[in-house]
Each structure stands twice: as C-alpha cells, then as structure tokens.
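A.B. asks: Quick one: the structure is below, and I'll ask about it shortly.
The values are calculated or read from the model by the stated rules, or taken from the named source; none is laboratory data. All values derive from a computational prediction rather than experimental measurement. Note: ideal-geometry Cβ built from the backbone for every residue, glycine included; neighbour counts use all protein chains shown. Accessible surface areas use protein heavy atoms only, side chains included; no ligands, DNA or RNA. Shrake-Rupley method; radii C 1.70, N 1.55, O 1.52, S 1.80 Å.
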Amino acid sequence: MKTKIINILINPFFLAFIISSVIIYFLPPVFDKYKAELSEKIKNTDFKVHYFDLDNDNFSEQIKIFPDFTNRIAIIVYTKGRLLNQWNFSGDLSGIDHIIYGDFDDNNLNEIYVVTFNNDSIFLNCFEPLNMNGTSLTNKFISKYRLTNNEVTFSMHSLDMMDINDDGFKEFLFSINTGFSLQPRNLFAYNIISDTVYKSPKSGSLLYSLIAFDLNNDNNNEIITGENFATGNFNEEFPYNDHCCWLMVFNRKLEFFFKPVKIGSYSSVIDVLPYKPNNITYLAVLHKYPGMLDIPSSLCLYNINGELLKEKKINNLKQIKFSYLVSNNEISRDKLYLIQGNGIIEEIDSNLTVIKKDIIEGIVDGKPFAIADFDNDGENEFLFWGNNKQKLLLTRNDFSNPVVLDIPNNMKGVDYSIVLKGKENPDIFIQCDEYSYLFKYYKNPLYYFKYIIYIGIYTGVLLFILLLNKIQKHRIKQRYETEKKLAELQLRSIKNQTDPHFALNIINSIGSLYHKREIDLANYVFGKYAKMLRSTLLSSDRIIVSISSEIDYVENYLQLEKFRLENKFEYYINIRDNIDTDVKIPKMLIHTFAENAVKHGLRHLDSNGKLAISIEPDGNRYLIHIKDNGIGRINAKKHSEFSTGKGLKILDQVIDLYYGLRKIRISYEITDLYDNLDNPIGTNVRITIPVKN
C-alpha cells in the first residue's frame, strides 16, 4: 500500500497537476471573470452630478445640481451630451439623496422630485425634464421642521412610486427622519393629481431603508421599515418613542399593517427583511445591541402579523456589530443572508440554521453600500465598502467574482449612479468630494481562454517533468556506467600498485637483510613497505585522494625503490608553503610518473640518479613537475620487457573519470631532455591542475 502511494505521488502526471495548480493559484488576476477599470478621473467643481435614464431609451441623462447666484437650487439636464434645460428652486437641500426619480403616470418619461427645506419648512418640487408641458410642481409644503442650533439634521429615504388610492396614478413615497429636532419622523406620500400629501401615524421611530413587498399575497405591496435605531431622543410617553426599536410595517394607505412590535432598548439597532422561503412569508429581524445591559443580540423570524416565531441568540457582539441581513433577489426574497463585517456570508434557512457559508475577502462592512444592476444584465449586483472604506468592492448577485473599484484617499461624500450607453456596457459613476470617477465594469473576454492557458501550463509542466525524468534516467545510467568503470579501474589500480615483481623483490630484499642480521634496516624497510601496502588497501575504494596522501604514498614507494636499487638515485620533493595539500586529485597521478621515472629511467643508471618532484602555484592552478636524469624514453624502449605499458592508459581513464565527477580538466605534458649533443639525459613531466576557489 505504501509503495502504491509513493508511486502515485512521484507519477509525472500527478506531479504536473500539483505544480501547475500552484502556478495557476499565483497567476496575476488577468483571468478574473469580471473586470473593473478606471476609464476617467474628473476634478469636481461646486456641483453634484447624477445619471439616470429619464425616457427609458437605455441612455442615461446627466443631471447637474448646484446653487445658482441667487442662492437657489439649480438643476441642469443634459441628454445625449446636449443641454436640455435648467430648472431653479428656492430653498436648499442637504444631499443628493433628496433628488428622486419616478414616473407617476407610466408615460415612460420620469419626473425628477426634489425635496428642499427653507427656514422651518420642508417642501416638495417636481418637474418632467423631457416633456416641457408635463408635470410641474414648486414648493409644495410637506411638513414643519425645527432647526437645532441652526443646523439641518434631517434625512430623506425614498421608495418606488406606488398607487395607494387606486386612481390609476402612482404616489411619490418617502420618509423624513430627524435628529434632535425630533419631528417629523413619518412616511409621506404625495398625489400629484389631487395635490394631496398623505402622512403615516404619529411616531418617534426612525424610518430608514424602506422596502416594498407583498406580505399577504393580495397583489398590493406593504411598506417595511428596513432599519430602525433606538437613539433615545424622545421622552418615553411619546408614541413609538426611540428608546427602543420597533418592527414597523405600513399598508399602502400608510396605516400600520399590524401594531408595531417593540424590540430591544436604548442603543439597539434592528435590520428587517421580508423572507419568503417555500412560499411562506416571514419578517427576518437582526437585533444588534451594543449597550451595557444583559440583552443578547439575536436573529428572529416574525410572521406577517408581527408575532415572534423563532429566535436565535447571538452572543458574539464583535462578530455582529457590522453585520446585516441581505437578500439577493428583491422580487422573490426566497433567500436570506447574514453578512458580517469581516466578509463572512451565512445563508440562513427558515429554522435560522446556517446552511451555507462563504466569505467575501476585503470588505469592512456587511451592509452593501449599493444594490443595483451595474452591468444592465437584469440582475442586481452588490457594492461593498473595502479596505477601511478606501475602496469599493463589487460582487455578483451571488456574492462571487469580487472586483475592486480603487479610489484612494478620496472616499468622502460618496455617491454613485449608472451611466447607460445603449447596447454598450454601462459605466459606473462614483462621485466623491474632490474627484469623480468613471469605471468600466464588464465580463472579461480572457476568462474563457484561461482553461486553454491552464491546459497549456499543465502540458508544459508535464513535458518539463518528463524531460527531467528522461535526463535523470540518462544521468543515472551514466552514473552507473561511470561507477562500473570506476570499479574496474579501482581493481586495475590496486593490481598496478601491487606489482608482483616489485613486491617479490622487496620481500626478498627484506629476507636477505634478516639473513644478514641487519635487523634494524630490515624492520625499517618492512615498515615502509607495510605503510605503503596499508595505504594501497585503505584507498582501494577511492579514485580521488588528497595531494598529501598521494605524496606520502609516492615517498614511501621511492624510499623502497631507493633501497632496492642500492641507492642508485636520490629524490627530492618540494611543496611550496601556499599549496593546499587537501586539494583532491586523481589517485596515482604523481605515482604513475614517479614509478615510470624509476622503472624506465633511473634503474638503468649505474649511479647518481636524481628525481625531483615539485608543486607550485600558478594563478588559479597548481603545477607539478616530475623531473629525472634517467636514460630517457628512447633508450627505455630497448628495455621494454620491464614495462606492462598499462600505467598511463589507466591514468588517462582516471583523469577522464575525474573530469566527469568534478568538471576539472587535468592535463599533463611529457618532455624528453637532451644535452648539447642531443643525447637523452632524462625526462620532465609537467602536470597542470586547475584549482577552484
């Protein structure tokens, strides 16, 4: 079993899969399914810009909002790049969210609704830009408003237009929420035909993130307060005061659909979403409590009558602080997600059980900054805050394929709109305080080529591994052949070093000394021979030795030969001080030439033979000289019966093997020496050894 697993792990196809997977993982994001690229960066002036398709022709009009020279509000509309007209209104507005679009009479021409304030009053204005004779409304009084320290502290939240009185025309629905000024905190509807303002019951509850959904399947939408905050501004006697949160739903007459349900206490926050799994409608409520009381946060399901059905306690406040409920389909609402501030997404079922878990890397808030159809494909995408709110992260409807909209150090006063361009992909327009940005968001055409690239990477890695495998097998075969040849040379070198003639002569000489009672000399010669024989046996498994080992062996050999030849020659060994004697050289490199000098040159002299061995540095190489004054190679041929002729052949093979192992090319040169009359007077061998630093 173990062997089978190992064979699988070292299989080239499996190795190629693992390596190519790692390479693919670290590839730059050129094959992402969706891309977002900055196409234009625009320096802002003193006006706000918004884009909206006013006539439903799939081309967005440009709407510019700015104060004119009389301190009034001016709105200029451009269509297809050409100025259409300018509309002016008295008063002021606190943000671009006070500009709303709607089509009350379904004539495919949207009106622009503008909520303004002036002194202590809030007004509604309306005009139909692409129809000069269309609807027009100026300074329609909505509600009184109290300034707090001369500051404006109200916000407006709009809802899709809805026909609340069955007259065939839609009303403009919106909520106004105030801070310390306390009122109004109401849901409003304006009927253009009857010039009537409708208002929800008296309440101190904040009405944020309005959601229209048919809770009871009567083909009429109810209005759900999607967010509610317990800010503690009112006294506790005020109806539906803000010392707690309220689950609050209105029918289309702006009356309570059921009696508001009290949730939590001061500092609580709730998120509310309609949730309709298996065709049963619930109200999902995420209660977040950051206060000091022992009140756990929780996830709850209520029925459409405001009755609590299920509750799941959530004790990890750090986990839930920036968590929100999200639905990815505003029509069916059949899926419910809890998105945490660290990007963890949990899909929740009707038992409040997590049935699926995922993560969006890089977001810092679970509440989407925007939910809209950013690529005009008929399906909403999500825009989240990322990187400490220095970037925006855009995901698909299922939270997949995130792409970054990089807007560095400029994320104040952020607003967005979608620039429709007919059949072309729309642009995403992001306006901040200092600059505005246009991004192109599109499906990456290289995405489907990635599989070809991945196959190419896998094939390339596989071929590379197969090539390495083949090279490795070739090298193993070469190594086997080298080792086989090395073994043969080791045997031959041992045989060569233990020349039987030399051995017998030495043994006879030692025996003769013992016979003559020259015990000390016999012991000395026997010791030298034993040391030489021991060195031969110890290095029998090596073809490479150090310079010092080779010199020791050569010196023992020369001492024995000098004794055996009755002192016919003297030898000298000179090694310069700056020579590293630990440098490795082929075995027998010096011995072969020293032995040849004795056997073929010096032994035929009557006396006064000389053999000089020197080692000296020469740059990045060592030079070894072996010089003798023997009879020379020409005369030595006359005594060829004393030579086997195998020494240099073996040495040449050893040098070749040494190069194969060390990649160091050793060379030698043999020079015959002559006197002035051209008589042979010896031989000089010059060995060159390159030395690696």
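A.B. asks: Working only within the stretch 557-601, note down all residues that are open to solvent by less than 10 Å² (accessible area, probe 1.4 Å) and farther than 22 Å from residue 656 by Cβ.
C.D. replies: Answer for the stretch 557-601, where residues must be open to solvent by less than 10 Å² (accessible area, probe 1.4 Å) and farther than 22 Å from residue 656 by Cβ: 557, 558, 560, 561, 569, 597, 598, 601.
A.B. asks: Return the residues of the stretch 198-215 that are assigned to a loop (DSSP other than H, G, I, E, B) and within 13 Å of residue 253 (Cβ to Cβ); say none if nothing qualifies. Don't jump to the end; show me each part of the working.
C.D. replies: Taking the stretch 198-215 as the starting set, the residues that turn out to be assigned to a loop (DSSP other than H, G, I, E, B) are 200-207, 214-215.
Scanning the stretch 198-215 gives 200, 201.
A.B. asks: Same structure again: Specify which of the listed residues (203, 209, 267) is on the phi > 0 side of the Ramachandran plot and either touching a Pro at 6+ places or on another chain (Cβ under 7 Å) or at pLDDT 95 or above (or both).
C.D. replies: Being on the phi > 0 side of the Ramachandran plot and either touching a Pro at 6+ places or on another chain (Cβ under 7 Å) or at pLDDT 95 or above (or both) holds for just one of 203, 209, 267, which is 267.
A.B. asks: Further question: Considering 457, 465, 452, which residue is closer than 25 Å to residue 17 by Cβ, out of contact with any strand residue (DSSP E or B) (no Cβ under 7 Å at 6 or more places or on another chain) and free of Cβ contacts under 8 Å to residues at least 12 places away in the same chain?
C.D. replies: Step by step, each of 457, 465, 452 is checked, and only 452 is closer than 25 Å to residue 17 by Cβ, out of contact with any strand residue (DSSP E or B) (no Cβ under 7 Å at 6 or more places or on another chain) and free of Cβ contacts under 8 Å to residues at least 12 places away in the same chain.
A.B. asks: If you don't mind, another one. Tell me which residues, restricted to the stretch 375-396, are open to solvent by less than 10 Å² (accessible area, probe 1.4 Å), over 20 Å from residue 413 (Cβ atoms) and not charged (D, E, K, R).
C.D. replies: Residues satisfying the conditions are 382, 395.
A.B. asks: Condition first: within 22 Å of residue 371 (Cβ to Cβ) and either open to solvent by less than 60 Å² (accessible area, probe 1.4 Å) or of a type in the set (D, E, K, R) (or both). Now tell me which residues in the stretch 302-328 satisfy that.
C.D. replies: First, the residues of the stretch 302-328 that are within 22 Å of residue 371 (Cβ to Cβ): 320-328.
Once the filter is applied, which keeps residues that are within 22 Å of residue 371 (Cβ to Cβ) and either open to solvent by less than 60 Å² (accessible area, probe 1.4 Å) or of a type in the set (D, E, K, R) (or both), the stretch 302-328 yields 320, 321, 323, 324, 325, 326, 327, 328.
A.B. asks: Tell me the residue from 637, 627, 610 that is closer than 18 Å to residue 593 by Cβ, open to solvent by 50 Å² or more (accessible area, probe 1.4 Å), without any contact (Cβ under 8 Å) to a residue 40 or more places away in the chain and not acidic (Asp, Glu), please.
C.D. replies: 637
A.B. asks: Would it be correct to say that residue 614 is small (Gly, Ala, Ser), farther than 24 Å from residue 552 by Cβ and over 54 Å from the mean Cα position of the chain (by Cα)?
C.D. replies: no
A.B. asks: Further, regarding this structure: With the structure loaded, tell me whether residue 660 is within 23 Å of residue 582 (Cβ to Cβ), in contact with a Ser or Thr (Cβ under 9 Å, 6 or more places away or on another chain), among the small types (Gly, Ala, Ser) and open to solvent by 10 Å² or more (accessible area, probe 1.4 Å) or whether it fails that test.
C.D. replies: In short, yes.
A.B. asks: Now a separate question. Go through the residues of the stretch 422-439 one by one and say whether even a single one is free of Cβ contacts under 8 Å to residues at least 24 places away in the same chain and of a type outside the set (Lys, Arg).
C.D. replies: Yes.
A.B. asks: Filter the stretch 198-238 for residues that are of a type in the set (Ser, Thr, Tyr), more than 46 Å from the chain's Cα centre (by Cα) and open to solvent by less than 50 Å² (accessible area, probe 1.4 Å) and give the result.
C.D. replies: 200, 203, 205
A.B. asks: Among the residues of the stretch 439-459, is any open to solvent by less than 30 Å² (accessible area, probe 1.4 Å), closer than 24 Å to residue 372 by Cβ and in a strand (DSSP E or B)?
C.D. replies: yes
Every residue, every condition in (1) closer than 26 Å to residue 101 by Cα; (2) touching a strand residue (DSSP E or B) at 6+ places or on another chain (Cβ under 8 Å), yes or no:
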| site | (1), (2) |
| --- | --- |
| 19 | no, no |
| 26 | no, no |
| 39 | no, yes |
| 51 | yes, yes |
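A.B. asks: Right, something else. Only one of (1) open to solvent by 20 Å² or more (accessible area, probe 1.4 Å); (2) at pLDDT 90 or above; (3) at negative phi; (4) polar (S, T, N, Q) is not met by residue 342, so which one is it?
C.D. replies: Answer for residue 342: the failing condition is (2).
A.B. asks: Counting only residues that are modelled with pLDDT of 85 or more and in a loop (DSSP other than H, G, I, E, B), which one in the stretch 33-73 is most open to solvent (accessible area, probe 1.4 Å)?
C.D. replies: Here the answer is 56.
A.B. asks: Can I ask one more? Could you list, in sequence order, the residues of the stretch 34-50 that are among the polar types (S, T, N, Q) and either touching a Gly at 6+ places or on another chain (Cβ under 6 Å) or in contact (Cβ under 8 Å) with a residue 60 or more places away in the chain (or both)?
C.D. replies: Going residue by residue through the stretch 34-50, those that are among the polar types (S, T, N, Q) are 39, 44-45.
Within the stretch 34-50, 39, 44 qualify.
A.B. asks: Can I ask one more? Can you find a residue that is within 20 Å of residue 49 (Cβ to Cβ) and over 28 Å from the mean Cα position of the chain (by Cα) anywhere in the stretch 399-412?
C.D. replies: Yes.
A.B. asks: Would you pick out the residues in the stretch 386-397 that are at pLDDT 90 or above and in a strand (DSSP E or B)? Spell out how you get there, then give the answer.
C.D. replies: Residues of the stretch 386-397 at pLDDT 90 or above: 392-397.
Answer for the stretch 386-397, where residues must be at pLDDT 90 or above and in a strand (DSSP E or B): 392, 393, 394, 395.
So that you can scan it fast, the table gives a plain yes or no per residue for (1) under 28 Å from residue 135 (Cβ atoms); (2) in contact (Cβ under 8 Å) with a residue 40 or more places away in the chain; (3) polar (S, T, N, Q):
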| residue | (1), (2), (3) |
| --- | --- |
| 199 | yes, yes, no |
| 211 | yes, yes, no |
| 217 | no, yes, yes |
| 223 | yes, yes, no |
| 230 | no, no, no |
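A.B. asks: Please count how many residues of the stretch 243-255 are crowded, with 16+ Cβ neighbours inside 10 Å and over 47 Å from the mean Cα position of the chain (by Cα).
C.D. replies: Total satisfying the criteria: 5.
A.B. asks: What residue, of 400, 436, is part of a strand (DSSP E or B) and either open to solvent by 50 Å² or more (accessible area, probe 1.4 Å) or not aliphatic (A, V, I, L, M) (or both)?
C.D. replies: 436
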